[in-house]
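**Q** Before we start, here is the structure in question, set down as structure tokens.
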């Protein structure tokens, strides 16, 4: 469906992206994950035809976009990171205009507008000027504007930036609906939890290069541990974390104040031994929990840096 | 293609007309400025009164001649003459409340009379003037010369002091150092004047009927404004509304350019570029919508000028529409050029305002180009606004035919092509931000 092959883009001496390749199939949601400045927006801009790559190619249903007016562009709907709406016009006027850009007219426009407004839950606000909308409503209308011509591929460039949790949830529900309808979504974000919730596959990009491209499960396999046990201790007197590392199944140990985080491959085999060892050594505990490592940990493992610190 | 093009144009028009306050201000300001400048530059002839030049007169002579001179000056329709004193006059002129003050010195009448027929010391008329009114000073001096000549000559030929002076001059004639033949001629002249005066005393009525005004200019001018027709008066509002229309439409073009620069930094630009639209369509639609708005503003301005100030399209209406359309297109292309050459919004706004003001100024929008020095009048033909204003003048108050509109239309369209081509070549298509 969408295939990106070794695309490269430089601005002067600065390399924005370098040999980025990945693909997204029909109905697949691919997350393009990376910190700010990693090259996500440049990649999306090249796919949308806003920028020409220095090398490499973008194929949409095995076709390259050859010109500004190439009909292949009809397959794509772009949701820019910045709000792309006319504040002084009503929601319906905005959508009428964007529909016309894709040569929709007459009854098709009305149907498309009604359907997209209904999808994003703004039917009752169709006649209101956009300037009167909340940030979350504008984001939803921004999404609707990209759906009018019923594109197969939807490019979403950080579509939830600056919205409240409720609106973010509403946008996720919209996207899940689209996913169910078989749309191919390319979702760029630097929020791990968004990628984890929505994406079938995640492409991690850093410094303009793809450093991982796999399903969530596949990415977890890159990690040295599959489970983390968090143990909150009553006291840490005399505790030597290095000794815990010698216990069977234990792969990593980290002590933060009175919380001990222990990475293990097999939870059922590793956890009892650790708890017994703590009791035997006089370090009583009052709470134990376990979790799988998140994408943040994956990014940390792959780059050596925390995603939000970069 | 057409659906997309029309949608782009319609959107621009909708955005323009949605902001009603901006529309009202955008029309009101040029109307106010046009009305003001039109009034200053003559307004509707016949309905406005030309302001008189304020002049003070200090009469230190208090002779028949000085009193007659003041009466003569006061009767001039271009002057507002008031008596004053030396100190007060100096103060009033310094404050700019009077353009000039004429000081008639003591013995002016006697000395002027003597200097009229023979080589005697000429009396001096002091003139205080406001240096910021140099043009008016020239007019005052001209009127003063005529009035002095008429008053003194009248007194010499018909007045009592004139008769006395003629007799005195005849008595002193032999003492004057001059060639014998000149002396003889002057004696004959003075005797002739004396004889004339004696005869006039016998027949007062004859003298009044045939020679009562002294020496005057031997001609009178008959002024006729050459406008579109014999009975059509010049209407200053026609020029001022054309000039102000051109100015504010250029500013509108500047806004179009700045808005395009800002658009390029927004998500909207990404969305437009992601759609299957050609670059020509994106810029072309912008140019067409800007030209339509410019045309609308021009038509509203001239509509207002017609209703309120009686400005008529005395020449070719088609030519008028052609000049309006060509100038509107030129403005739109100018806006695109600003967007193409601009780096940042702030810097672009600064230099494009400067460029606009220069074009407006040199085009004759503020002051008609005939006030310019000749070299500047020749130079300004390279300024597109000059052609627009000349074209509008030609089609309005000058009442010229369509053929006279062809040159302005042609030149404006050439500028449109030049600006448009430069804009397309230099436009940075990459989204910014």
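**Q** Which residue, A:159, A:248, A:151, tops the fluctuation ranking in a GNM of chain A built on C-alpha contacts under 10 Å?
**A** Checking each option, the largest mean-square fluctuation is seen for A:248.
**Q** Using the Kirkwood formula on the Cα atoms of chain A, what hydrodynamic radius do you get, in angstrom to one decimal?
**A** Result for chain A, one decimal place: 21.8 Å.
**Q** Next up: Express in % the proportion of alpha carbon pairs of region B:51-207 at distances exceeding 20 Å.
**A** Result: 55 percent of Cα pairs exceed 20 Å.
**Q** Right, another one. Expressed as an acute angle from 0 to 90° and rounded to the nearest 10, what is the orientation of the C-alpha long axis of helix B:384-395 relative to the principal long axis of chain B?
**A** 70 degrees
**Q** How far is the Cα center of region B:124-147 from the Cα center of region A:54-82, in Å?
**A** Here the two parts' Cα centres lie 78 Å apart.
**Q** Still on this structure, I have one more. Ordered by packing density, taken as the mean number of other Cβ atoms within 10 Å over each peptide's residues, highest first, how do A:230-242, A:207-219 rank?
**A** In decreasing order of mean packing, A:230-242, A:207-219 become A:207-219, A:230-242.
**Q** Another question about this same structure. For region B:123-173, compute Rg over Rh where Rg is the Cα radius of gyration and Rh is the Kirkwood radius from the inverse mean 1/r over Cα pairs.
**A** Radius of gyration over Kirkwood radius for region B:123-173 works out to 1.19.
**Q** Using just the alpha carbons, could you tell me how many Å³ per residue the convex hull of region B:311-366 encloses?
**A** Here the figure is 92 Å³ per residue.
**Q** Restricting the calculation to Cα positions, tell me the Rg (one decimal) and the Dmax (whole number) of chain B in Å.
**A** 32.6, 107
**Q** Separate question: Running a GNM on chain B with Cα contacts under 10 Å, which residue among B:336, B:125, B:73 ends up with the highest mean-square fluctuation?
**A** Between B:336, B:125, B:73, it is B:125 that shows the largest mean-square fluctuation.
**Q** Can you give me the convex hull volume of the Cα atoms of the protein assembly as shown, divided per residue and expressed in Å³?
**A** Normalising the Cα hull of the protein assembly as shown by residue number yields 276 Å³.
**Q** With contacts defined as alpha carbon pairs under 8 Å and 6 or more residues apart, what's the relative contact order of chain B in percent?
**A** 18 percent
**Q** Given C-alpha coordinates of region A:104-261, what is the ratio Rg to Rh with the Kirkwood estimate of Rh?
**A** Ratio of gyration radius to Kirkwood radius: 1.17.
**Q** Equivalent-ellipsoid semi-axes (√(5λ), Cα gyration tensor) for region B:318-433, whole Å, largest first?
**A** 29, 17, 10
**Q** Follow-up. Please report the antiparallel percentage of DSSP beta bridges with both residues in region A:100-230, rounded to the nearest 5.
**A** Counting only bridges with both partners in region A:100-230, antiparallel ones make up about 50 percent.
**Q** Rounded, prolate or oblate: which fits region A:120-178 when a ≥ b ≥ c are the square roots of the eigenvalues of the alpha-carbon gyration tensor, with rounded for a/c under 1.5 and prolate only if a/b beats b/c?
**A** It comes out oblate by the Cα gyration axes.
**Q** Next question, about the same structure. Which value, to two decimals, describes the C-alpha radius of gyration of region A:1-60 once divided by 2.2 N^0.38 Å?
**A** 1.08
**Q** Say we join alpha carbon atoms closer than 10 Å with springs in a Gaussian network model of chain B; which of B:316, B:285, B:169 then has the biggest fluctuation?
**A** Largest GNM mean-square fluctuation: B:169.
**Q** What average count of beta carbons from other chains do you get within 10 Å of the Cβ of residues in B:391-402?
**A** 0
**Q** Evaluate peptide B:263-273: per residue, the Cβ atoms of other protein chains within 10 Å of its Cβ; return the mean as an integer.
**A** Whole-number average of other-chain Cβ neighbours for B:263-273 is 6.
**Q** Moving to a separate point now. Roughly what % antiparallel, to the nearest 5, for the DSSP beta bridges in chain B?
**A** 35 percent
**Q** Another question about this same structure. Give, in nm to one decimal, the length gained when the segment between residue A:245 and residue A:301 is fully stretched (0.36 nm per residue of separation minus the Cα-Cα distance).
**A** Full-extension gain reported as 18.3 nm.
**Q** For the Cα atoms of chain A, what angle does the longest principal axis make with the long axis of helix A:165-180, in degrees from 0 to 90, nearest 10?
**A** 70 degrees
**Q** Angle check, please: helix B:402-426 long axis (alpha carbons) against the longest principal axis of chain B (alpha carbons), in degrees 0 to 90, nearest 10.
**A** Helix B:402-426 sits at roughly 50 degrees to that axis.
**Q** Taking every DSSP beta bridge with both residues inside chain A, roughly what % is antiparallel (nearest 5)?
**A** 70 percent
**Q** A further question follows. Roughly how crowded by other chains is peptide A:100-107, in terms of the mean Cβ count from those chains within 10 Å of each of its Cβ atoms?
**A** 5
**Q** How big is the gap, in Å, between the Cα center of region B:311-348 and the Cα center of region B:358-379?
**A** 18 Å
**Q** Quick check: convex hull of the Cα atoms in region B:89-132, volume per residue, rounded to a whole Å³?
**A** 74 Å³
**Q** What is the fewest-to-most order of A:303, A:42, A:279 by other Cβ atoms lying within 10 Å of their Cβ?
**A** A:279, A:303, A:42
Bear in mind that the values in this text are calculations on the coordinates, not laboratory data. All values reported here derive from a predicted model rather than from experimental measurement. No Cβ is skipped: glycine too gets one built from the backbone with ideal geometry, and neighbour counts run over all protein chains shown.
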